[in-house]
Amino acid sequence: MCGVAGYFGKGVAPAEAKALLARMTRQLSHRGPDDSGIHIDGEAGLAHRRLSIVGLSDGHQPMSGPSDNLVISYNGEIFNYVELRNELIAKGRQFHTRSDTEVILQLYDEKGLDCLDELNGDFAFALWDARQGRMVLARDRMGVRPLFYTQRSDTLFFASEIKALLAVPGIEARLDPLALDQIFTLWTPLAPRTAFQGISELPPGHLMIVESGRVEQRAWWRQTYPDAGDIRPRSDAVEELRALLDDATRIRLRADVPVGSYLSGGLDSSLVSALAARAHPEQLRTFSLGFDSEEHDESKWQAVMASALGVEHTTARCSASDISGLFPSVIRHVERPILRTAPAPLAKLSALVHDNGIKAVLTGEGADELFAGYDIFREAKLRRFCGRQPNSKFRPLLFQRLYPYLPGLQRQSPEYLARFFGAGDDRIDDLLYSHRPRFRSTGAAKLFFSSELKHELGDYDATAELASMLPSDFSRWHPLHQAQYLETTFLLPGYILSAQGDRVMMANSVEGRFPFLDPRIIDFAAGLAPDMKLHGLREKHILKQSAKGLVPEAIIERPKQPYRAPDSQAFAATPPRYLADVLSRAAIAKGGFFNATAVEKLKNKVLHQETASFRDDTAFVGILSTQLWLDTFSTKTD
């Protein structure tokens, strides 16, 4: 797990190259505190910051091989590197290190770009192929590891984080209005767009080839599902899933340092921790996050699972002041406005892991997307059910079953519930049907946009752009698979794996490992019949079946409680000093993105009431994070 940076082109003077790469990697020191390196070859420059996990003594990067004509700077882990290495040795290949980095070089030398199909791992790398005079950038299937790029003076610059690109002279931070609109609608910019104008993200499952003045970018993998009529039941699916998860967890424990595990108290992390503890019963340490607010705290369930495993367990307690105190640092690391404070407690958790001498942790991310665990999947199914009898007084009451942790919802009438969830409001054949209520409720926060921003956006519609990016066979998929694709392809890499994953983990030099995102499990889950994932309103049905005997029944059957953290409430009890500065009328007016009068009223409202509405919570956190982004990176200028 590391940070990469580099360039390719004529725009960097040879005398300045080394100093430039050093400046870029200094911005990535948190990603790689153990080692650094630079390689320059004519118009190509590669740099690296290393967090040593595999091949501690011989994994220095940038690494060359099998000859000096191939050089790589690589971030991530290839979990099947042992098997790949053995296959290559059997073909006569000779290795000089024990690192997975050399496996990529040897495999590329053997198979060229087809090597990507063989890699089971989370990675982003830049590979300089001097034989063909080309630079290759590649990113893993699900977008676990980040990679950004921009072009200036006929030169491509790239890095694991945008702050490294801002170290290049002439590259400035300017907030992209379309990206802001996408965040305030979809929760995330649509890759390759980022929050920074002129700086792009290499999308998940994509590669870029730069040679002879040409730049080619293409997908080397994409998520897909069978046509709705081609899905067949599988009698041995439960056993196969458990075997896949067992092996996916086993290979993600490969490291030359201890690997810990997050334990949230939910099914996903509990199952991963159970499989890890079975593989290393004497070694596993687990880590949890607890909240002072009872509404968000899952400590009870974390204790149940830790006791069942008999592991050494450590908890980070997170208060409202912790969240507000960490929030500016979080925005610096995630490098974009966000609509929830949830990344801040996770930053505190990764700091706890780091302080306990652990460099890598397993987590349960990906299970909700692959096995239909989120409420949005059940909600879409219920909306379709209610839409078939729009006058029913009983069907809307089923929505109360989806959210037992929201007491206010239990007191509402069927009419209110039908209106609130938009039952019957949207066309069943709408490609974005499952997510329309989320997009509408999130987009309501755009009420606070300034008139100048609204004028600049004109009739731009982020949901229309999203719909235009859907694959041609999308309409032939089952509705559940359509909803899963939207979560897996956009929100998972755009927010969950970045703002709540890589960025807040690597802020404290901790690598996250995600067994559920093993490509074998991704393919397996995509081919399952929808009813095996969402059985009636029972989410993650097959996963719950697979967990029996490994996870206590009470955790398997407990109602789904999504990870949440206090949002605007975290700033209300003791408002941090920076709040008055970044949300002042002068700061809002200077930024130019929000209506200063409306923001002033919103601030006074949410800071002086016990609970805020979804819209007000979303708007407050979104506006605050945007202002912190401007304060950290730039200001809006003409």
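Could you tell me the calculated FRET efficiency between residue 86 and residue 234, based on Cβ-Cβ distance and R0 = 30 angstrom, to the nearest 0.05? Spell out each step's value before the answer.
Numbers: r = 31 Å, r/R0 = 1.02.
About 0.45, to the nearest 0.05.
Only four residue types carry charge here, +1 at the Cβ of Lys and Arg and -1 at the Cβ of Asp and Glu. Report the dipole size of the stretch 530-590 about the Cα centre in Debye, rounded to the nearest 20. Don't skip to the answer; put the middle values down first.
Values: 11 positive and 6 negative charges, 20 e Å.
Using only the charged Cβ atoms, the result is roughly 100 debye.
On the protein heavy atoms, probe 1.4 angstrom, tell me the percent of accessible surface of the chain carried by carbon and sulfur.
Values: 11920 of 24190 Å².
Percent of accessible area from carbon and sulfur atoms in the chain: 49.
Please work out how much length the chain gains when fully extended from residue 440 to residue 573, using 0.36 nm per residue of separation minus the C-alpha to C-alpha distance, in nm with one decimal.
Details: separation 133, 0.36 × 133 = 47.88 nm, distance 2.97 nm.
In short, 44.9 nm is gained.
In straight Cα distance, which aspartates and glutamates are under 15 Å from residue 111, not counting same-chain residues fewer than 8 positions off?
Answer for residue 111, where 15 Å is the Cα cut-off: 87, 102, 129, listed by chain and number.
Please work out how much length the chain gains when fully extended from residue 531 to residue 16, using 0.36 nm per residue of separation minus the C-alpha to C-alpha distance, in nm with one decimal. Provide the component values of the computation, followed by the final result.
Details: separation 515, 0.36 × 515 = 185.40 nm, distance 5.96 nm.
Contour length minus Cα-Cα distance gives 179.4 nm.
What chymotrypsin sites (Phe, Trp or Tyr not before Pro) does the stretch 401-506 have in DSSP loop regions with at most 14 other beta carbons within 10 Å? Present the calculation step by step, with values, prior to reporting the outcome.
Working: sites: 405, 416, 420, 421, 433, 439, 448, 449, 460, 474, 477, 485, 490, 495; in loops: 405, 421, 460, 477.
Passing both the DSSP loop test and the Cβ count: 405, 460.
What's the center-to-center distance, using Cα atoms, between the stretch 582-638 and the stretch 382-404 in Å?
The two parts, judged by their Cα centres, are 36 Å apart.
To the nearest 0.05, how large is the calculated FRET efficiency for residue 154 and residue 222 if R₀ is 45 Å and r is the Cβ-Cβ distance? Mind dumping the intermediate values first?
Working: r = 31 Å, r/R0 = 0.68.
Approximately 0.90, to the nearest 0.05.
Show me, for the stretch 443-449, the HN-Hα J-couplings you get by feeding each phi into the Karplus relation (A = 6.51, B = -1.76, C = 1.60, θ = phi - 60°), rounded to Hz, glycine and proline as x.
My calculation for the stretch 443-449 gives x, 4, 5, 6, 4, 8, 4 Hz in order.
Ignoring ligands, DNA and RNA, how do 298, 216, 282 rank by accessible area with a 1.4 Å probe, largest first?
On the way: 298 20, 216 75, 282 170 Å².
From most accessible down to least: 282, 216, 298.
Got a sec to turn the phi values of the stretch 616-633 into Karplus ³J(HN,Hα) couplings, 6.51 cos²θ - 1.76 cosθ + 1.60 with θ = phi - 60°, whole Hz, x for Gly and Pro?
Per residue, the Karplus-derived 3J(HN,Hα) values read 5, 4, 4, 5, 4, 5, x, 5, 4, 5, 5, 5, 5, 4, 4, 5, 7, 10 Hz.
As a quick test, which of the pairs 359/548; 454/601; 381/540 have an alpha carbon distance above 21 angstrom in this structure?
Values: 359/548 30 Å; 454/601 19 Å; 381/540 14 Å.
Where the Cα-Cα span goes over 21 Å, the pairs concerned are 359/548.
Run the simple label-point estimate for residue 589 and residue 67 please: 7 Å along Cα→C-beta, distance reported in nm.
6.6
Please list, in chain and number order, the residues 5+ apart from residue 318 or on another chain whose amide H is under 5 Å from its amide H, with Hs placed from the backbone.
HN-HN under 5 Å from residue 318: 290, 291, 292.
Which shape class applies to the stretch 455-523: rounded if a/c is under 1.5, otherwise prolate when a/b exceeds b/c and oblate if not, where a ≥ b ≥ c are the square roots of the Cα gyration tensor eigenvalues? Write down the numbers at each step before the final one.
On the way: a/c = 3.98, a/b = 1.28, b/c = 3.11.
The shape class here is oblate.
Amide H of residue 511 versus every other amide H placed in the peptide plane: which residues, excluding those fewer than 5 positions away on the same chain, fall under 5 Å?
Correct list: 360, 361.
Would you mind classifying the stretch 61-103 by shape? Square roots of the alpha carbon gyration tensor eigenvalues, ordered a ≥ b ≥ c; an a/c under 1.5 is rounded, otherwise it is prolate if a/b is larger than b/c and oblate if not. Mind dumping the intermediate values first?
On the way: a/c = 2.53, a/b = 1.19, b/c = 2.13.
Oblate, because a/c is 1.5 or more while a/b does not exceed b/c.
Whole number please: convex hull volume per residue of the Cα set in the chain, in Å³?
Values: hull volume 99.6 nm³, N = 638.
Hull volume normalised by residue count: 156 Å³.
Along the Cα→Cβ direction, 7 angstrom out, place labels at residue 613 and residue 447. What is the inter-label distance in nm?
0.5
Okay, which of the stretch 91-108 sit inside 12 Å, backbone N to the point 7 Å along the Cα-Cβ direction of residue 257?
None, by backbone N distance to the label point.
Using only protein heavy atoms and a 1.4 Å probe, report how much of residue 39 is accessible, in Å² to the nearest 10.
Number for this one is 60 Å².
Residues with beta-carbon under 12 Å from that of residue 567, excluding residue 567: net charge, scoring Lys, Arg +1 and Asp, Glu -1?
Numbers: positive: 340, 564, 615; negative: 295, 616, 617.
With Lys, Arg at +1 and Asp, Glu at -1, the neighbours total 0.
Once fully extended, how much extra length lies between residue 292 and residue 604, figured as 0.36 nm per residue of separation less the alpha-carbon to alpha-carbon distance?
Working: separation 312, 0.36 × 312 = 112.32 nm, distance 2.38 nm.
That works out to 109.9 nm of additional length.
With +1 on each Lys and Arg Cβ and -1 on each Asp and Glu Cβ, how big is the dipole of the stretch 98-187 about its Cα centre, in debye rounded to the nearest 20? List each step's numbers first, then the result.
Values: 10 positive and 15 negative charges, 53 e Å.
It works out to roughly 260 debye.
Once amide H atoms are placed 1.01 Å from N in the peptide plane, what residues at a sequence separation of 5 or more from residue 196, or on another chain, have their amide H within under 5 Å of its amide H?
Hits under the 5 Å cutoff: 176.
Calculate the spin-label point distance for residue 400 paired with residue 130, positioning each point 7 Å from the Cα along the beta-carbon direction, and give it in nanometres.
Result for the modelled spin labels: 7.2 nm.
Over the stretch 122-240, with the other protein chains present, what is the accessible area per residue in square angstrom, probe 1.4 angstrom? Walk me through the numbers on the way to the answer.
On the way: 4170 Å² over 119 residues.
Result: 35 Å² of accessible area for each residue.
Which of 219, 264, 229 sits closest to the plus end of the dipole of the stretch 211-279, meaning its Cα is farthest towards the positive end, when Lys and Arg get +1 and Asp and Glu get -1 on the C-beta?
Checked the options; the winner is 264.
If the only charges are +1 at each Lys and Arg Cβ and -1 at each Asp and Glu Cβ, what is the size of the charge dipole of the chain around the Cα centre, to the nearest 20 debye?
Numbers: 75 positive and 80 negative charges, 261 e Å.
Here the chain has a charge dipole of around 1260 debye.
What is the sum of charges, Lys and Arg at +1 and Asp and Glu at -1, for the other residues whose Cβ falls under 10 Å from the Cβ of residue 64? Intermediate results must be reported in sequence, preceding the final value.
Numbers: positive: none; negative: 41, 68, 102.
Net local charge, residue 64 excluded: -3.
Hey, quick one: spin label on residue 389, modelled 7 Å out along Cα-Cβ, who in the stretch 414-432 has an amide N within reach, i.e. under 20 Å?
Only 414-426, 428 pass the distance filter.
Summing +1 for each Lys or Arg and -1 for each Asp or Glu, what net charge is found among the other residues whose Cβ lies under 14 Å from the Cβ of residue 463?
Values: positive: 427, 436, 438, 440, 446; negative: 181, 426, 430, 459, 461, 465.
The answer is -1.
The values are calculated or read from the model by the stated rules, or taken from the named source; none is laboratory data. Keep in mind that this is a model prediction, so the values were computed, not measured. With ideal geometry, Cβ positions are generated from the backbone for all residues, glycine too; neighbour counts draw on all protein chains shown. Calculation scope for accessible area: heavy atoms of the full protein, side chains included, ligands and nucleic acids excluded. Shrake-Rupley method; radii C 1.70, N 1.55, O 1.52, S 1.80 Å.
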